[in-house]
Amino acid sequence: MSSTLAGWLQALALVGALALCYRPLGDYIAKLLTTAKHLRVERGIYKTIGVDGDADQRWPVYLRSVLAFSLVSVLFLYLLQRIQNHLMLSLGFKAVGEHGAWNTAISFVTNTNWQDYAGEATLGHTVQMAGLAVQNFVSAAVGIAVVATLIRGFTRSRTDRVGNFWVDLTRICLRLLLPLSVVFALVLVANGVIQNFHGFHDLATLGGDTQSIPGGPVASQEVIKELGTNGGGFFNANSAHPFENPTGFTNWLEVFLLLVISFSLPRTFGKMIGDHRQGYAIVSVMGIFWAGSAALMTFFETHASGVALKAAGAAMEGKEVRFGPWATSLFASSTTLTSTGAVDGAHDSLTPGGGGVAIFDMMLGEIAPGGTGSGLYGMLVLAIVAVFVAGLMVGRTPEYLGKKLGGREMKFASLYILTTPAIVLVGTGVAMALPGERANMLNSGAHGFSEVLYAFTSAGNNNGSAFAGITVTSPWWDTALGLAMVFGRFLPMIFVLALAGSLAQQQPVPATEGTLPTHKPLFVGLLSGVVLIVVGLTYFPALALGPLAEGLH
Amino acid sequence: MSTPTLTTPAQQEAAVHRVSSNLLDPKVLLAAVPDAVKKLDPRVMIKNPVMFVVEVGSVVTTVSAIADPSVFAWAITVWLWLTTIFANLAEAVAEGRGKAQAETLRRTKTDTMARRLLDWPASQAEEQVAATELQLGDHVVAEAGEIIPGDGDVVEGVASVDESAITGESAPVIRESGGDRSAVTGGTKVLSDRIVVKIASEPGKSFIDRMIALVEGAARQKTPNEIALNILLASLTIVFLVTVSALQPMAGFAGAPQTLIVLVALVVALIPTTIGALLSAIGIAGMDRLVQRNVLAMSGRAVEAAGDVNTLLLDKTGTITLGNRQAAEFQPAAGVSVDELANAAQLSSLADETPEGRSIVVLAKTDYGLRARAQGELTHATWVPFTAQTRMSGVDLDEADGVHSVRKGAAGSVTNWVTENGGTVGKDVAELVDGISAAGGTPLLVASRIGSAAPRALGVIYLKDVVKEGMKERFDELRRMGIKTIMITGDNPLTAKAIADEAGVDDFLAEATPEDKMALIKKEQEGGKLVAMTGDGTNDAPALAQADVGVAMNTGTMAAKEAGNMVDLDSNPTKLIEIVEIGKQLLITRGALTTFSIANDVAKYFAIIPAMFVSVYPGLSHLNIMALHSPKSAITSAIIFNALVIIGLIPLALRGVKYRPSDASSLLRRNILIYGFGGLVVPFIGIKAIDLIVQFIPGLR
């Protein structure tokens, strides 16, 4: 089979599998977010933590719950790393350093999973399992919980209640993430991903050297790494490591897993608001960007210029031979569009065009389809901005799904779209202004700049993938990127929850012939245009100095 | 816009004159320049965050240009100042149009003296005071030739009043105590008789005062949607400020640090100056368009709400139907020809001066070719005119074979006449009468008698409400716009339904009382709908206040005018439809120019970014797709385009985007095509064209 045909078949199989899951998974999530019934085990949990599972919270209370939960998570994860040397199964690793532990704690709680450490050389099994894997579950669940409040803002009327965080969190973990993880972990194990509690095996190689082969509970962590759009690998090489991602099939499955929840959430949205067409419109916009990005990335990686690259048939530097440029491009596009940040190849070695696509994917704000929950709320906020301008053009004060978009709503939507670009650009600008920080760059010129831009874009958008090429373990980088991750995660959440609260209070306006239709192809096109223009205009100068300067000769 | 409904040719002429009041006239622009410069005061500018940033940028470039002069620096500086002034000019022109109107109004307010009654009604003693000293509740007297000193209600007497100062309508109107024609407005002139007026406004808060404030824009407050849009524009401005601020260290790393002038130019090019400059002008012009149609909106909020209206409550009489019923058909009794009936009907109606009577004459003439005979023509006739008591009219003709009597009138009255004179009304005729009543019409019976023979019933005239021409199409249009129309009438449900069906309204409220109206409004609003209505009577006041858009007729009472949020000086209830269209047009203009403004940025990037960095990354010249001459000419051209586009769009902002009533999808498609894609393409052409000229200026090459 030619690589082109194989590439097409993989992509088509992926689209088919996602389409098959769209309805059942989306409906299932909608049900678990709306049902009044509690499972027995859930009741037990509510009793233990002292929560009334039937009482909804006002948005500020919901927000406080999110922030308090995340703060406790950060502290716990930090502590766990700092006392690693005293823990069981620590494989003899010493405690993680202060700023490294802070960076990693933030990184996993914010669903970024930026890794300034090498997994197999830093962390033992306890921290990996009790610390990182737990955050892989709950940080993904927090994203879905927050988008649930926004959807409730649209469905509810004249109320100040947007849901109960503890109930949402528990249900998403127990009813959605855990069962799916168990099933797909077994599939991964069956296909060669390791799952054990071994330490290192020293083996003699044919060349006469000794090689240290790591072990560990990889499959259980690998599955939620993708499913929860986390991306923090057990090993430093992430999904390029044969124990994490041994075959072409596991590679395809991992791409599927990291997309499946985010691509099904628009169905949940459609189901909850009682109009599936709205969900189709949103998923169409996500799909357009995903397909466009994957196509562009594949084009750049398979049509690389340069003598060596042409001889190899494609830009093969930094790519696993067992995956090839097609599967790597598909993976790279999907991971940068979903806030996952797992990689099955070195992004630093992508062609300038491919690297530019990866950066641009993240700059889109992780919305196509984005992180679990966060992707949908990002897209809905952009939909609000699109509706605001377009709604005026049909001669009405704008309304989306029956809710008026007035000053209050636009304030929160505007703050949302302002936050991430500000973090990314200010972060990059400051880094470029400080000579000491520039010294950490291994490359100079446009590519060096791209690396810094990539780092802040990845952290600010909670992606977590890295271009590498800069030494980011210095206190300055750990702190700066840590702050970028915290602000990039929680400021938008504050605005989304405030928006949800403001929408829930409104009484819906009935739709008429004069109402802007938000389920038609015209709106899909409009929203895509708004996404492209808002992002394009914000980042164009920075992109011009990085990937464009590199790629245009 | 669809055709405004103007009643007289004079009004139409006046309106046409006002609408086309020289939008592009350079004289108007020049006259506004001093005001535009005055508005450069930072305390004024800060209210418009987008343009405030441009002004600060202008100051920064001025300082840089003085410190390090060059043709380029001064070119950018001058055009940035012009950008700010052009924005102020837009607002000044919009306000200027209102000021002229305010001036006319103010003239009516000059030094009127009032004859205040000291102890009315006990005595007629009076004193002379200045009109401005009148207090709420004072009684004043005004006689023929005098100016009414303040707003109020007539409590004694009846007078004809010239209200042309306010309405522009020269025909005098009757104002009388009690009822719904009691309100008078300060500044209007009594033409005949004497009235006593109870003052109903506090000093300085009279109707004229408010009108002046409104048309001048002094009372203008930002509307909710304007505030929301301002928030979006401010946040875009912040995003671009951050983008450009962060660019400098990146540029420094790339080896191409930029001058302050270039950075300011980039900021100004990117922030949404076009809409920022025109936003307030659009709002003022929207109010102004209402004023041109003789409607005063008490707040911009009401104009915006008009665009959102879901339900229109329309009074049947005068809005949907002509004021009076008209003859529609002759239905003969058995054995009588239609022509005979028509002839008799016409004869009997010649002495009926009511509109109904005249309509019978006209119907006989148009449908049956019977010439309307003048009363004097028939010398041997004795006319029986219509009176409210007899409810009949007719004629007695002295013919050779005896007196031919013809009578026409209410079915009961004519039946009495027939039976009193020994005749009987056949069962077939009674059925015709009942049939017309059942269909919601009014039956008029026609009978004749020759000599002393028993009279016989000839048949029935079908009088019905006549729906105004074009109303059905209007309602279809409204339905496409997503607006539901509800007809309000005092008729019984049967009649109401017949007219509602014919007019094509969506729903009707029959035998409506003010309480019913109120309940209907509340019911609609409960479902989240916005309701608009017109009203004139005092008992309409609560409903006018409850409605989201309440248009009071100027002929109505003071209470109604106080309760509504708009006043229609022409007192034309059909205008509600136009008001909705103006509201929509205002919002569309805002959205269209915002889209245009943001879409413009794409081209500006392609002009400026390659110009900034092509020296260090020659590959970026591929982005110079307009093939602009040099970095300096590219940046200058982008800034000049940015300024000129504001001037170019002032007429559009003042006139409003063309609005055709249609459904949301087609409106959106059309506007995205024009203002979205247009906004992408136009600046590419504009900047290139300017560059072709600018490149010949030494220092910008």
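The values are calculated or read from the model by the stated rules, or taken from the named source; none is laboratory data. Remember, predicted model here, so these are calculated numbers, not experimental data. Counting neighbours? That spans all protein chains shown, and the Cβs are built from the backbone with ideal geometry, glycine included. Only protein heavy atoms, including side chains, enter the accessible area calculation; ligands, DNA and RNA are left aside. Shrake-Rupley method; radii C 1.70, N 1.55, O 1.52, S 1.80 Å.
For this structure, a couple of remarks:
- Every residue from segment A:356-369 that is within 14 Å of chain B (Cβ to nearest Cβ) and part of a helix (DSSP H, G or I): A:356, A:359, A:363
- Strands (runs of 3 or more DSSP E) wholly inside segment A:118-237 containing at least 2 residues that are touching a residue at least 24 places away in the same chain (Cβ under 8 Å): A:161-163
- Residue within segment B:120-128 that is in contact (Cβ under 8 Å) with a residue 40 or more places away in the chain and open to solvent by less than 20 Å² (accessible area, probe 1.4 Å) present: no
- Odd one out for residue A:442 among (1) within 12 Å of chain B (Cβ to nearest Cβ); (2) in contact with a strand residue (DSSP E or B) (Cβ under 7 Å, 6 or more places away or on another chain): (1)
- Odd one out for residue B:624, checked against (1) modelled with pLDDT of 90 or more; (2) open to solvent by less than 20 Å² (accessible area, probe 1.4 Å); (3) not aliphatic (A, V, I, L, M): (2)
- Residue-level check: of (1) open to solvent by 20 Å² or more (accessible area, probe 1.4 Å); (2) touching a residue at least 40 places away in the same chain (Cβ under 8 Å); (3) within 23 Å of the chain's Cα centre (by Cα), residue A:247 misses just (3).
- Boolean, residue B:491 is part of a loop (DSSP other than H, G, I, E, B), more than 30 Å from residue A:394 (Cα to Cα) and of a type in the set (Asp, Glu): yes
- The sole residue among A:121, A:133, A:141 that is at pLDDT below 95 and in contact with a helix residue (DSSP H, G or I) (Cβ under 8 Å, 6 or more places away or on another chain) is A:133.
- Unique residue being part of a helix (DSSP H, G or I), surrounded by fewer than 18 Cβ atoms within 10 Å (Cβ to Cβ), of a type outside the set (D, E, K, R) and at pLDDT 95 or above when the list is B:33, B:63, B:16: B:63
- Residue, farthest from residue B:682 (Cα to Cα), within segment B:632-661, restricted to residues that are open to solvent by 30 Å² or more (accessible area, probe 1.4 Å) and within 14 Å of chain A (Cβ to nearest Cβ): B:660
- None of A:491, A:483, A:453 is in contact with a Ser or Thr (Cβ under 6 Å, 6 or more places away or on another chain), within 17 Å of residue A:433 (Cβ to Cβ) and part of a helix (DSSP H, G or I) except A:453.
- Qualifying residue in segment B:560-580 (condition: in a helix (DSSP H, G or I), within 14 Å of chain A (Cβ to nearest Cβ) and not aliphatic (A, V, I, L, M)): yes
- All positions within segment A:404-448 that are among the charged types (D, E, K, R), open to solvent by 40 Å² or more (accessible area, probe 1.4 Å) and more than 22 Å from residue A:381 (Cα to Cα): A:438
- Scanning segment A:508-546 for residues that are more than 7 Å from every other protein chain (Cβ to nearest Cβ), of a type outside the set (Gly, Ala, Ser) and in a helix (DSSP H, G or I) turns up A:521, A:523, A:524, A:527, A:530, A:531, A:532, A:534, A:535, A:539, A:543.
- Residue B:275 vs. criteria in a helix (DSSP H, G or I), closer than 30 Å to residue B:216 by Cβ and either within 13 Å of chain A (Cβ to nearest Cβ) or open to solvent by 20 Å² or more (accessible area, probe 1.4 Å) (or both): yes
- Segment A:405-435: number of residues that are of a type in the set (Gly, Ala, Ser) and more than 7 Å from chain B (Cβ to nearest Cβ): 3
- Residues that are open to solvent by 50 Å² or more (accessible area, probe 1.4 Å) and in contact (Cβ under 8 Å) with a residue 60 or more places away in the chain, drawn from segment B:418-447: B:428
- Counting only residues that are under 30 Å from residue B:577 (Cβ atoms) and either out of contact with any Leu (no Cβ under 9 Å at 6 or more places or on another chain) or basic (Lys, Arg) (or both), segment B:432-470 holds 4 of them.
- Contact map, segment B:667-682: first residue more than 7 Å from chain A (Cβ to nearest Cβ) and touching a residue at least 12 places away in the same chain (Cβ under 8 Å), second residue aromatic (Phe, Trp, Tyr) and part of a helix (DSSP H, G or I), Cβ cut-off under 7 Å, separation 6 or more or different chains; pairs are B:675/B:596; B:678/B:596; B:679/B:596.
- The set of residues from segment A:250-266 being of a type outside the set (A, V, I, L, M), more than 12 Å from the chain's Cα centre (by Cα) and open to solvent by less than 10 Å² (accessible area, probe 1.4 Å) comprises A:250, A:251, A:254, A:264, A:266.
- Screening the candidates A:372, A:351, A:335, A:340 for the property of being open to solvent by 10 Å² or more (accessible area, probe 1.4 Å), in contact with a helix residue (DSSP H, G or I) (Cβ under 8 Å, 6 or more places away or on another chain), more than 14 Å from chain B (Cβ to nearest Cβ) and in contact (Cβ under 8 Å) with a residue 60 or more places away in the chain yields one hit, A:351.
- Annotation: residue A:89 fulfils all but one of (1) without any contact (Cβ under 8 Å) to a residue 40 or more places away in the chain; (2) within 25 Å of residue A:231 (Cα to Cα); the unmet one is (1).
- Selection count where residues are farther than 27 Å from residue A:443 by Cβ, assigned to a helix (DSSP H, G or I) and more than 7 Å from chain A (Cβ to nearest Cβ), scope segment B:229-261: 10
- Verdict on residue A:457 being open to solvent by less than 10 Å² (accessible area, probe 1.4 Å), of a type in the set (S, T, N, Q) and away from chain B (no Cβ under 11 Å): yes
- For the condition touching a residue at least 24 places away in the same chain (Cβ under 8 Å), within 30 Å of residue B:256 (Cβ to Cβ), open to solvent by less than 10 Å² (accessible area, probe 1.4 Å) and in a helix (DSSP H, G or I), residue A:380 does not qualify.
- Pairs, first farther than 16 Å from residue B:320 by Cβ in segment B:477-493, second modelled with pLDDT under 85 and open to solvent by 10 Å² or more (accessible area, probe 1.4 Å), C-beta under 6 Å, six or more apart: B:480/A:513; B:480/B:662; B:480/B:663; B:481/B:661; B:482/A:512; B:482/A:513
- Subset of segment B:106-125 (residues that are modelled with pLDDT of 80 or more and closer than 18 Å to residue B:186 by Cβ): B:113, B:114, B:115, B:116, B:117
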